[in-house]
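The values are calculated or read from the model by the stated rules, or taken from the named source; none is laboratory data. Since we're looking at a predicted model, the values are computed, not measured. Here the Cβ is made from the backbone with ideal geometry for all residues, glycine too, and neighbour counts use every protein chain on show.
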């Protein structure tokens, strides 16, 4: 290990919380204790501080002191969903990052860890560049997190597998509900630009019975991703054909579906939709897209002089990212990324983003395994990963390769039976 710089360490959490983001937090704390003897006798790292609500709290000097936090309490926090430190949606520009850097100098911070998505990695990158320019040694590390699974350079990201597990189990149960009282059911799932989480709904297909009416009986039978242009007329035809044949339809739709020109369907269908500080139509906190699609199908599929079909829609919303039924792989890897970031800092690396790499190719027949690697911050910062084409089948389905990719991440799913 390289010589440690005397000073304090700070850890923050940013963006949407996940079911395992606190595993990463605890991983950093444990790693600093293991590799740097942080807070111990003679250690160069005197304090380990947690930012309250991310960089917003850092600039205000608001911290939780994690230096001597009890081991048993730390383990309980690790298993607790949502961001224990509090999170922030701030997207710091250069001026904001200047304030972050000044706060680091003011509080003698020499180790900066930020747990979050691509915006968080960009914050790390800018703060790191400012410290380098000023000649102030600050070891800056991004620890990955996002349920959308949209960070480049990663096979997958902490938070995704647990959210995917929720989506799969929710769709399994919801499909059984749908066949009990048949109708058309739409589930709107998180994913503004990447369809990984919506694609995970395909894991709900547990009993594909081969009968004369077609190869697939389990739902969702139709899956719509933001990577594939969404055509409202084609969607209507897909649903109409399946409904005529089976008398029921089970659908998974990404909140971020867009038309061929890249315009969000939600923005087109939702009248007076709420927007966030960046002008984006609010998706995850709203059931408007599901209601709009539901109302459209009722109008389009009602026969002249007849009754409209039974159509219902649910928006899974924030519960996807915080449900306390974590994937064991997700828990282990989220903790591991935090520990690895601390190890990098303690051994002398000045900056970087931790990534998760799959050891064996998908479908190789080898047991699932992963490793951690460091990449430069600019390789991750402000970039978005999308579902690769080999994971997509047609315009409303996912491939076998995606299922092989996703299954080992979510863990064992329950078995059900039908009469």
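For the reader, a short list of remarks on this structure follows.
- With a requirement of 2 or more residues that are in contact (Cβ under 8 Å) with a residue 60 or more places away in the chain and farther than 17 Å from residue 398 by Cβ, the strands (runs of 3 or more DSSP E) lying completely within the stretch 131-245 that satisfy it span 139-144, 184-189.
- Single residue of the stretch 99-130 satisfying the filter (within 18 Å of residue 56 (Cβ to Cβ) and not in a helix (DSSP H, G or I)) that is farthest from the chain's Cα centre (by Cα): 107
- Boolean, residue 49 is at pLDDT below 95 and crowded, with 19+ Cβ neighbours inside 10 Å: no
- Where strands (runs of 3 or more DSSP E) sit wholly within the stretch 1-98, those with at least 3 residues that are closer than 28 Å to residue 329 by Cα occupy 7-13, 45-51.
- Restricting 382, 342, 334 to residues that are touching a helix residue (DSSP H, G or I) at 6+ places or on another chain (Cβ under 6 Å), at pLDDT below 95 and over 30 Å from residue 178 (Cα atoms) narrows the list to 382.
- Residue selected from the stretch 132-151 under the condition surrounded by fewer than 24 Cβ atoms within 10 Å (Cβ to Cβ) and in contact with a strand residue (DSSP E or B) (Cβ under 9 Å, 6 or more places away or on another chain), by the criterion nearest to residue 13 (Cα to Cα): 138
- For residue 308, the conditions (1) touching a helix residue (DSSP H, G or I) at 6+ places or on another chain (Cβ under 6 Å); (2) over 30 Å from residue 177 (Cα atoms) are fulfilled apart from (2).
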